[in-house]
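Reading through the structure tokens given below for one structure.
Derivation of every value follows stated rules applied to the coordinates shown; laboratory data play no part. Keep in mind it's a predicted model, so treat the numbers as computed, not measured. All Cβ positions, even for glycine, are placed from backbone atoms using ideal geometry, and neighbour counts span all protein chains on display.
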Amino acid sequence: MALTDVQATLKERVAKGLNFGIEAFEEVVNTQAELYNEFILLKSKYNDLMYISSINTLPYEQLEVGLDRLRNNLLNLVDRLAPDSMQREEVNPDVKVQALPTRRTNFFKLIDIHFKNLEDIALRVIDGEREEVTTGRAAIFKIYRMHIRRFRNREDPQDEKVQAEVRAYFADFFRHETGLFEVYFKNIRHMLAYTQESEVERQFFLDTLRSLFTRYELALLHYYTASGIDPQMAELTEQTQLIDTAAIAHILLAPAPEGDGGTAA
């Protein structure tokens, strides 16, 4: 395989996912070449960045900046490959999904964080001296029903004025809530963005994500995206088709506006 063909194949692997580009470059580069030390530094930074992303301490925007820098650095190494810096002259045609397991490992760590955030959602109802605390999915069910009940008796819930009122109501609620849902939605946004980065693993990640949510979680997410307060979340749910509004239409008050990330109800 000619050098230019090797370089083109390596760039195709980077396009499939940074982890696959790293794995393929490692197969080709000579461990005695000067480029190898630069590659080890890049791989170390990648692993550190993946660890930081797994503990949800870095906003996705900053994570994406770091990943873009690593992609550019790896592409620069590919362009600088020469015959004397290669230990083999071809790239393994098989994409090794498990070769760099950090991506899947980090994805499932994000799912663990999701369920922790879900359990941290708590609804407290005080009746006299008695306090009732509901957490997790049961809390989301009650919270959703509590809010949507405000509009159940409207004569024409499909009227555009009512729909606009509903969106404005949820925008006000999510904008001023005291952090109950902040990290919950932030991590969902992070997971959705993460799934989009790897062409090879994207469908597996998306299918896994779609299995996580109850219909009431999706309904609440539907109104969160429809409220307009988080354009990035709305864009990601649109791209991934996470919310199937047809499947939850029976618990929605009104269809979302165009671009909320679901199919029409």
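Observations on the structure shown:
- Over the residues of the chain, the helix contribution to mean residue ellipticity at 222 nm works out to -19500 deg cm²/dmol, using -39500 (n - 2.57) for each DSSP H run of at least 4.
- The slack between Arg152 and Glu129, meaning 0.36 nm per residue of separation minus the straight C-alpha distance, is 5.2 nm.
- Contact order normalised by residue count of segment 116-251, Cα under 8 Å, 6+ apart, percent: 24 percent
- The stretch between Glu61 and Thr105 holds 13.8 nm of extra length on full extension. This uses 0.36 nm per residue minus the Cα-Cα distance.
- Sorted from longest to shortest, the spans of the Cα atoms of segment 3-100 along the three principal axes equal 41, 27, 19 Å.
- Using a cut-off of 25 Å between Cα atoms, the listed pairs Lys11/Lys186; Lys45/Lys116; Lys43/Lys186; Lys16/Lys109; Lys109/Lys142 include Lys11/Lys186; Lys45/Lys116; Lys43/Lys186; Lys109/Lys142 as exceeding that distance.
- Taking other C-beta atoms within 10 angstrom as a stand-in for reagent exposure, Leu221, Leu180 fall in the order Leu180, Leu221, fewest first.
- Simple spin-label estimate for Asn47 and Ser85 in nanometres, 7 Å along Cα-Cβ: 2.2 nm
- Counting every alpha-carbon pair across the chain, the share separated by more than 31 Å comes to 39%.
- Förster-model FRET efficiency, 35 Å R0, Arg71 and Thr178, C-beta, rounded to 0.05: 0.35
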